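Data first, discussion second: the structure below is written as structure tokens.
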Amino acid sequence: MGAYLLRRAWPGTSARMQQPLASHGRSARQRRAGLLLHPTSLPGGHGVGDLGAEAYSLLQWLSSAGLSVWQVLPVGPVDAGGSPYTSRSALAGNLALVDLRQLVVAGLLDAAAVQGSPSNGRRVDWPQVLAFKVPCVLRAAAALVADSHHPFQDELLEFERGESAWLDDFALYETLRAANGDEPWWRWPAAARDRDPEALQTARVSEGYRIQVAAQYLFQRQWMALRAAAESLEIALAGDAPIYVAHDSADVWAQRHLFQLDADGHCTAIAGVPPDAFSEVGQLWGNPLYDWPQHEAEGFAWWQMRMRRLATLVHAVRIDHFRGLAAYWKVPADAEDARLGRWDAGPGAPLLRALAAVGIELWAEDLGVIDDGVIALRDGADLPGMAILQFAWDGDPDNPYLPYHHVRHQVAYTGTHDNDTVLGWWATCSELERHRARVYFGIDGHDLAWDLIRACLQSVADCAMVPVQDVLALGSEARMNAPGKTNGNWAFRLLPAELGRHHAERLRGLCATFGRLRRRTPTPGAIADDATSG
């Protein structure tokens, strides 16, 4: 179908869906609430949550709970540990999210091919999942390429035309990477590494290239159907844009001049954050840094393309590590830790003006080392920031995360995917912090997760988001990510029927109390006892 036809095939975005999720204007203001849950955390599927029946059941559950926003993490290809923030593309889709059951129904996979998949339990075994699911999707894509009469063929051709701005480079990168033993692109033969036109054309006419294109089409087809279902229920999808991309990625290989690299493709400096209360040596992320003057000279065309792509998939985008747009921590490429870094100027307002022209709503992840320059950049672009309730109890009356400092043009959270769950935080924070929270809210802490959910929904912030782990009152074992920890992240999953009717009814009551209830009334019987069981 292509980008144009895929959009045209679904119901148009309603006027209400076009309203900002965190608007501050009095006439446009609408208080909303939503759930933070990455699709990989859904139950069912083949070892990992995906875009299958359980995702549609979740939409029905959100509707019955009175919620109108579903926030997800980045949906691009993940690394071996399942991290959506270390991706081979800022633009492509994660094949592990493709529902294999739909491919069987479409005649692109045999039912026997999806037997013996990784088990469905509380945690994703990423090595097993990637070794099983990605080859299955590629086999289905190969079957589609081979069947010139398959009903998807016209859509596939339109998809390739409509998404050519990013799709060609990604398919070339994946094809050449496979041909070179999955080595990073700077170790490829010079012709492939340096994008020799003849080498690119040879790859472009190969079967592997066609399979990569078809695989991305299968992801797109399933995602757009889910987006249409969300829109039919007036539920907005909020996505995420990591500020940096991986060195070994289609993005850097295809646009080397936009990054701080040497002639051989190696980083001359890398990303990180300075030492702080959590780390004496800072954090060394290792991502290549942007050549911001070159981006500005090109009118930030790559960033606009990125946002146009995300606008195809979601209704709003959280800009990860927003402070890096004001100033970023630049570390020498050979440094052992982040202490040798220095602040360098980011792209600032010119980039945000270029992104505003795309038309998608943006949120600022304004956490970390925040100074007046970051605040001025955020407010000058009229972007909502984030207020995290877990961060509010250090005893400083000027702490911006205390509920009495929240503002309307903001997104309030109990916690994010990078924080512990509310119960996990409560178990590890100081007794003094617990005392301050108990006194502030007038609680005894026996139902703490829901006490903070209530406070989040009660906030003056126009948008309130709650991680699913807090709805279920789960502890640290359910944490999604622990920054700085190299293993065990991104693995949390719901169990079948775990998120049920009583959770939805409780959320719906709070949304009604605090003016966040969706205006649309769900159909009778919409609340299911096993809303995510599929």
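Where a number appears in this text, it was derived from the coordinates with a stated rule and is not lab data. Only a predicted model underlies this, so the values are computations on that prediction, with no experimental measurement involved. Every residue, glycine as well, gets a Cβ built from its backbone with ideal geometry; the counts of neighbours run over all protein chains shown.
Note that the stretch 19-166 shows a convex hull volume over its alpha carbon atoms of 158 Å³ per residue. Placing +1 on each Lys and Arg Cβ and -1 on each Asp and Glu Cβ, with no other charges, gives the chain a dipole about its Cα centre of roughly 1700 debye. Rounded, prolate or oblate: which one fits the chain, using the alpha carbon gyration tensor with axes a ≥ b ≥ c (rounded when a/c is under 1.5, else prolate when a/b beats b/c, else oblate)? Verdict is oblate for the chain. Tell me whether the stretch 383-521 comes out rounded, prolate or oblate; compute the Cα gyration tensor, take square roots of the eigenvalues as a ≥ b ≥ c, and use a/c under 1.5 as the rounded threshold. Taking the square roots of the gyration eigenvalues as a ≥ b ≥ c, the stretch 383-521 is rounded.
Against the empirical curve 2.2 N^0.38 Å, the C-alpha radius of gyration of the stretch 116-198 lands at a ratio of 1.40. 3J(HN,Hα) along the stretch 381-386, derived from phi through the Karplus expression 6.51 cos²θ - 1.76 cosθ + 1.60 where θ = phi - 60°, amounts to 8, 6, 9, x, x, 10 Hz, with x in place of Gly and Pro. Relative to the current alpha-carbon distance between VAL105 and ASN399, full extension at 0.36 nm per residue lengthens the span by 100.5 nm.
Protection proxy ranking for 470-477, 420-427, using the average of other Cβ atoms within 10 Å per residue and placing the highest first: 420-427, 470-477.
Between SER148 and ARG122, the simple spin-label model (points 7 angstrom out along Cα→Cβ) gives 5.4 nm.
Amide H to amide H, with H built 1.01 Å from N, GLU361 comes under 5 Å of VAL317, counting only residues 5 or more places away or on other chains.
Working note: 222 nm ellipticity from helices only, DSSP H runs with n ≥ 4, each -39,500 (n - 2.57), summed and divided by the residues of the chain, gives -11000 deg cm²/dmol to the nearest 500. Taking label positions 7 Å along the Cα-Cβ direction at both THR486 and ALA190, the computed distance is 3.5 nm, reported to one decimal.
Taking one quarter of the surface of the C-alpha convex hull of the stretch 190-275 gives a mean projected area of 9.0 nm². Applied to the stretch 111-121, the Karplus parametrisation 6.51 cos²θ - 1.76 cosθ + 1.60 on θ = phi - 60° returns per-residue 3J(HN,Hα) values of 4, 5, 6, 9, 7, x, 7, x, 5, 9, x Hz, with x for Gly and Pro.
Please report the orientation-averaged projected area of the stretch 417-484, defined via the convex hull of its C-alpha atoms, in nm².
Mean orientational projected area (the stretch 417-484, Cα hull): 5.0 nm².
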